[in-house]
Amino acid sequence: MPDFREEAQTLRDQLIAWRRDLHRHPELAFEERRTAGLVAEHLKSLGLDVRTGVGKTGVIGLLEGARPGKTVMLRFDMDALPVEEANEVEYASQIPGRMHACGHDGHTAIGLGVATLLARHRSVLHGRVKFVFQPAEEAIGGARAVIDDGALEDPTPDVAFGLHLWNALPLGQAIVQAGPLMAAATHFQLIVQGRGGHGARPHETRDPLVAAAHFVTAVQTVVSRNIEPSQKVVLSVGTFHAGHAFNVIPDRAELGGTIRTLDDGVLARVEQRLQEIIEGIARAFDVRTELQIRHAAPVLINDERAAAYVARAARRVLGDGAVRSMEPLMVSEDMSEFLNRVPGCYFLMGSMNPDRGLDYPHHHPRFDFDEDALPLGVAILAEATVIYLSEEVG
Ligand SMILES: [Zn+2]
Ligand SMILES: [Zn+2]
């Protein structure tokens, strides 16, 4: 077994250079053309069989080991966010209003690093490694797009691994666990249609704004009064648009929000209550309502065997005490789309370093992570892949 910890450290400068280049040139969901070009070019230079334009802007590279065996899929996401970067670093975003504020630049760099290491050890690899660089992780369905475009076929992976750099976790630590790690995300959009009019003659209107305000208040009781208290569930209204003038009652109000759950039964109950509350409000305030619900990502559940492989790899790279588990997070990740179809393990790689001011949360305009996490992520994924392929032969 090669010493991936040491080998990954020799790639450190290259990993940082890749990451900073990507950070300077962030691209939004399904627009990752420059990023995908860089990825495809590097994978081809390593001798991988490369497919581009998967799910619009995704890239898949297949590394054939010298010996027969199973197929490991490694998944990385490439998209940036519509955020204006506030960091004053030499590698800051050069594109106004676009920023790698979630760390996907780091994930892409890690993917290139793992491909580099495993390509070097092709002669000892049993089986294949399928590198999936997906577009549009940030709530727009990139995972589903690449799956619909055949990412899980020819060959179908036996296991899938992936990681997220995590700025709530100190550098040098990892969260690896079997079972649920992240919540299902369900988005809703509500239109409340009333009849507008003069702000001084409200009795001639059917005020959609007041009805919508009651909706916001009433849905707070779904979590507090309809769901068993030991269940984890979040319901948040995030948008509320109505009206243009202080003395005009508008015709309609539009609201949007998100539901996060770890259990399908709980989600069904929340959706049912939303529907009932909306119907009640429509009657009470004499308005028309229209609700749209979109299931954005399922619960992210790690397979027990796959998690054991990643945990072993992480302990070898980081040390025994540095690998732990945690209560599932209520954020979501569309890696769950892959893990719904292929057993696997997604883990969190600590990237926070408060001593260097690198502890802003993901999606913040000052988000930045400790780049020393990059070689650690490379080493863990390379190691987990090789352990799996060596032990699951035949
Ligand atoms: Zn994100
Ligand atoms: Zn992310």
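Out of segment 95-104, which residues are more than 15 Å from ligand 1 (Cβ to nearest atom) and either on the phi > 0 side of the Ramachandran plot or among the acidic types (D, E) (or both)? Give the steps one after another, and end with the answer.
Looking only at segment 95-104, we keep the residues that are more than 15 Å from ligand 1 (Cβ to nearest atom), and these are 95-97.
Scanning segment 95-104 gives a single hit, G97.
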Q. Do any residues in segment 27-53 that are in the same structural domain as G113 (by TED's automatic domain parsing) and without any contact (Cβ under 8 Å) to a residue 60 or more places away in the chain have Cβ atoms under 7 Å from those of residues that are part of a helix (DSSP H, G or I) and surrounded by 18 or more Cβ atoms within 10 Å (Cβ to Cβ), where the two are at least six apart or on different chains, and which pairs are they?
A. V50/A40; V50/L43; T52/A36; T52/A40
**Q.** For L339: the one exception among (1) under 17 Å from the mean Cα position of the chain (by Cα); (2) surrounded by fewer than 21 Cβ atoms within 10 Å (Cβ to Cβ)
**A.** (2)
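Looking only at residues in segment 317-347 that are part of a strand (DSSP E or B) and within 16 Å of ligand 2 (Cβ to nearest atom), which one is nearest to A151 (Cα to Cα)? Don't jump to the end; show me each part of the working.
From segment 317-347, those part of a strand (DSSP E or B) are 323-324, 329, 344-347; that's our starting set.
Those left that are additionally within 16 Å of ligand 2 (Cβ to nearest atom): 329, 346-347.
Working: L329: 27, Y346: 17, F347: 21 Å.
Looking at residues that are part of a strand (DSSP E or B) and within 16 Å of ligand 2 (Cβ to nearest atom), I get Y346.
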Q: Name every residue in segment 342-363 that is within 16 Å of ligand 1 (Cβ to nearest atom) and surrounded by fewer than 17 Cβ atoms within 10 Å (Cβ to Cβ), in order of residue number.
A: P361, H363
Q: Of all residues in segment 76-94, count the ones that are under 25 Å from G141 (Cβ atoms) and away from ligand 1 (no atom under 15 Å from the Cβ).
A: 2
Q | Qualifying positions in segment 354-379 - within 15 Å of ligand 2 (Cβ to nearest atom), part of a loop (DSSP other than H, G, I, E, B) and touching a strand residue (DSSP E or B) at 6+ places or on another chain (Cβ under 8 Å) | A | Y360, P361, H362, H363, F367, D368, F369
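In contact with a Phe, Trp or Tyr (Cβ under 7 Å, 6 or more places away or on another chain) and within 16 Å of ligand 2 (Cβ to nearest atom), is that true of M78?
Values: in contact with a Phe, Trp or Tyr (Cβ under 7 Å, 6 or more places away or on another chain): yes; within 16 Å of ligand 2 (Cβ to nearest atom): yes.
So M78 fits the description; yes.
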Q. Among the candidates S336, S325, which residue alone is at pLDDT 95 or above, of a type in the set (S, T, Y) and farther than 30 Å from E6 by Cα?
A. S336
Q.
Suppose the filter is buried (at least 19 other Cβ atoms within 10 Å of the Cβ), away from ligand 1 (no atom under 16 Å from the Cβ) and modelled with pLDDT of 95 or more; does V216 pass it?
A. no
Q: Kindly list, by first and then second residue, each pair from a residue in segment 315-343 that is under 22 Å from H363 (Cα atoms) to a residue that is within 16 Å of ligand 1 (Cβ to nearest atom) and part of a loop (DSSP other than H, G, I, E, B), limited to pairs with Cβ atoms under 6 Å and residues at least 6 apart or on different chains.
A: M330/A183; S332/A183; D334/E137
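To keep it simple, each residue is scored yes or no on (1) surrounded by fewer than 15 Cβ atoms within 10 Å (Cβ to Cβ); (2) touching a Leu at 6+ places or on another chain (Cβ under 8 Å); (3) closer than 19 Å to H164 by Cα; (4) not assigned by TED's automatic domain parsing to the domain that holds G142.
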{"site": "S230", "(1), (2), (3), (4)": "yes, no, no, yes"}
{"site": "D264", "(1), (2), (3), (4)": "yes, no, no, yes"}
{"site": "F285", "(1), (2), (3), (4)": "no, no, no, yes"}
{"site": "Y309", "(1), (2), (3), (4)": "no, no, yes, no"}
{"site": "A314", "(1), (2), (3), (4)": "no, no, yes, no"}
Q) Would you say A268 is surrounded by fewer than 19 Cβ atoms within 10 Å (Cβ to Cβ) and free of Cβ contacts under 8 Å to residues at least 12 places away in the same chain? A) yes
Q: All but one of (1) within 30 Å of A373 (Cβ to Cβ); (2) in the same structural domain as V233 (by TED's automatic domain parsing) hold for S351, so report the exception by its number.
A: (2)
Q.
Suppose the filter is among the small types (G, A, S) and more than 16 Å from ligand 2 (Cβ to nearest atom); does G350 pass it?
A. no
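The values are calculated or read from the model by the stated rules, or taken from the named source; none is laboratory data. This is a predicted model, so every value here is computed, not measured. All Cβ positions, even for glycine, are placed from backbone atoms using ideal geometry, and neighbour counts span all protein chains on display.
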